[in-house]
Amino acid sequence: MDPQLSKMMKKASKIVDYYDYLQQHTFYLLIDTLKKHKGMLINADEENVLEWRLKALAEMGGLTDKVVDFIAKNIGYSKQAIYDLIQDQGLKVAKRMNIELSTALKQPMKDVSKDTVAIINAYADQTFRNVNNYVNQTLLTTNVHKNAALKTYQNIIDKTVLDVSTGTKTADRALKDNILQWYDKGLPTSLTDKGGHEWTLEGYTRTVITSTTHRVFNEARAQSMKEFDTVLATMSSHPAARPACAPIQGKVVCIVPKSDPKVDLSYPNIYDYGYGKPAGTQGINCSHILYPYIKGVSHNFQKHYDPEQAVKNAKIQQQQRYYERSIRHLKRKKELAERDDDPESVRKLNQGIRGYQAKLRQIVKDNDFLARQYSREQIVEGK
């Protein structure tokens, strides 16, 4: 991976891990509040559990203050981190690209253009605005019907009462299970996409931050290339690639639309492969890099992979990523179970973690293009 992109991705991971920590700490606040009247649940019957429900709901005012106070103290960090990642690092990427192109083309050095600065700033503004609106504000509102944490708290209480009234579980077991069940669901954002999918805090921030990081890195470089009248680039190649990227990865491609007077029709055009669309080239979670290609100067040393096999490999790699996410998720759940004094769940979650670790070892062993990345299995605390 390009050293500059590697640095950006580490910063992106820290932001994603931080929001994961925010969700974890918010659940700690829910657990601690629910534990206040937990003694009432021992041998509770249908009538007693209704009394417990009223006392638990009466705690919502204090819980709202704690959640809002906690999130408010942390918004400043998230805003600073997002702007540092996208704005500051994006400008550094553009500046370095200008230096490289100036040297390769033997042209005078150019400052980062106003257009490039505007593009990078727009990405920074949009990213923070989206995260703030869809994530931060859903936890900052004092409206208990709109606050994501408070809605989760109410759902846990109501489902616990339902489980006890139907006789399926003891009250204490029902509460413990429902806390973990709603953690599986995740704290909801206020975003529902066109397909009706309701995004969670963790899923949304991970997708937006990592995808935008790659996009800014490539957009800043591509803008510099265009300003030096370089419209060709070599696309990096990987053993695993999405259908849109597999046919053109490792090849020299044209990075301007066919309507552009400078277009070079003798090379594949990224706009024919979904450029700018979520599932297309340079879309969500695409990790391909575009390197400037100058006729008569540059050489293409990228390895070529069979497109069909690369797409198959991508599905296998997605399975690896699923195992990694599952390990992290179960480790977080284990922390919640420990916080909730739930040794039975801790034991089951430890078994689950070992199970996914075994699957991970096997899939890496069976596929030589994969490598065990232990950092993807770890959970990080705080900033």
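Read the figures in this text as sums done on the coordinates, not as results from a lab. Note that the structure is a prediction, hence the values are computed from the model and not measured. Positions of Cβ are backbone-derived with ideal geometry, glycine not excepted, and every protein chain shown enters the neighbour counts.
Within 10 Å of each residue's Cβ, count the other Cβ atoms and sort Met60, Met109, Met8 from fewest upward.
Numbers: Met60 16, Met109 10, Met8 23.
Final ranking by Cβ density, sparse to dense: Met109, Met60, Met8.
Along Cα→Cβ, 7 Å out, is where each label goes; now give me the distance between the ones at Arg325 and Asn133 in nm to one decimal.
2.4
Note the full-extension length gain between Gln378 and Lys114 as 0.36 nm times their separation in residues minus their Cα-Cα distance, in nm to one decimal.
Gain on extension, Gln378 to Lys114, equals 91.0 nm.
Given points 7 Å out from each Cα along the Cα-Cβ axis, report the Asn143 to Gln126 separation in nanometres with one decimal.
In this crude spin-label approximation the distance works out to 2.7 nm.
Go ahead and run the numbers for FRET between Glu344 and Gln4, Cβ-Cβ distance against an R0 of 45 Å, rounding to 0.05.
On the way: r = 48 Å, r/R0 = 1.07.
So the FRET efficiency works out to roughly 0.40.
Could you state the number of Å between the C-alpha centres of the range 307-383 and the range 265-297?
31
Using a 10 Å cut-off around each Cβ, can you sort Val67, Val346 from fewest to most neighbouring Cβ atoms? Intermediate values should be presented prior to the final figure.
On the way: Val67 24, Val346 17.
The most exposed by this proxy come first: Val346, Val67.
Please list, in chain and number order, the residues 5+ apart from Gln302 or on another chain whose amide H is under 5 Å from its amide H, with Hs placed from the backbone.
HN-HN under 5 Å from Gln302: empty list.
Less than 15 Å apart at the alpha-carbon level, and either on another chain or at least 8 residues along: which aspartates and glutamates does that give for Lys66?
Those aspartates and glutamates meeting the cut-off are Asp32.
Through the Karplus equation 6.51 cos²θ - 1.76 cosθ + 1.60, θ set to phi - 60°, convert the phi angles of the range 21-36 into ³J(HN,Hα) values in whole Hz; use x for Gly and Pro.
5, 4, 5, 4, 5, 5, 5, 4, 4, 5, 4, 4, 6, 5, 6, 4
What aspartates and glutamates does Lys348 reach when the alpha-carbon gap must be under 19 Å and sequence neighbours fewer than 8 apart in one chain are set aside?
Asp172, Asp177, Asp184, Glu324, Glu335, Glu338, Asp340, Glu377
Apply the Karplus parameterisation 6.51 cos²θ - 1.76 cosθ + 1.60, with θ equal to phi minus 60°, to every residue of the range 125-137 and state each ³J(HN,Hα) to the nearest whole Hz, in sequence, with x for glycine and proline.
Working through the residues one at a time gives 4, 5, 5, 5, 4, 5, 5, 5, 6, 7, 10, 4, 5 Hz.
At 0.36 nm per residue, minus the direct Cα-Cα distance, what do Lys79 and Leu105 gain on full extension? Give it in nm, one decimal, please. Working shown, then result.
Details: separation 26, 0.36 × 26 = 9.36 nm, distance 3.80 nm.
Computed gain between Lys79 and Leu105 is 5.6 nm.
Relative contact order of the chain, please, whole-number percent, based on alpha carbon pairs below 8 angstrom and at least 6 residues apart.
Numbers: 489 pairs, mean separation 70.6, N = 383.
Answer for the chain is 18 percent.
Determine which lysines satisfy two conditions relative to Lys262: a Cα distance under 29 Å, and not lying fewer than 8 residues away in the same chain.
Qualifying lysines at Cα under 29 Å: Lys92, Lys95, Lys106, Lys110, Lys114, Lys226, Lys251, Lys277, Lys295, Lys303.
Evaluate the relative contact order of the range 307-377 (contact order divided by residue number), counting alpha-carbon pairs under 8 angstrom at least 6 apart; express in whole percent. Before the final figure, lay out the partial values.
On the way: 42 pairs, mean separation 27.5, N = 71.
Worked out over the range 307-377, it gives 39 percent.
Among Gln23, Ser102, Asn285, which residue has its Cα positioned farthest towards the positive end of the charge dipole of the chain, with +1 placed on the Cβ of Lys and Arg, -1 on the Cβ of Asp and Glu, and the dipole taken about the Cα centre?
Ser102
Taking R0 as 56 Å, what FRET efficiency do you get between Asp65 and Ser259 from their Cβ-Cβ distance, rounded to the nearest 0.05?
On the way: r = 56 Å, r/R0 = 0.99.
For R0 = 56 Å, the calculated efficiency reads 0.50.
For the residues Phe217, Phe70, what sequence is obtained by ranking on other C-beta atoms within 10 Å, fewest first?
By the 10 Å Cβ count, ascending: Phe70, Phe217.
Starting from the amide H of Leu191, placed 1.01 Å from N in the peptide plane, find each other amide H under 5 Å away whose residue is 5 or more places distant or on another chain.
Placed amide hydrogens put Trp199 under 5 Å from Leu191.
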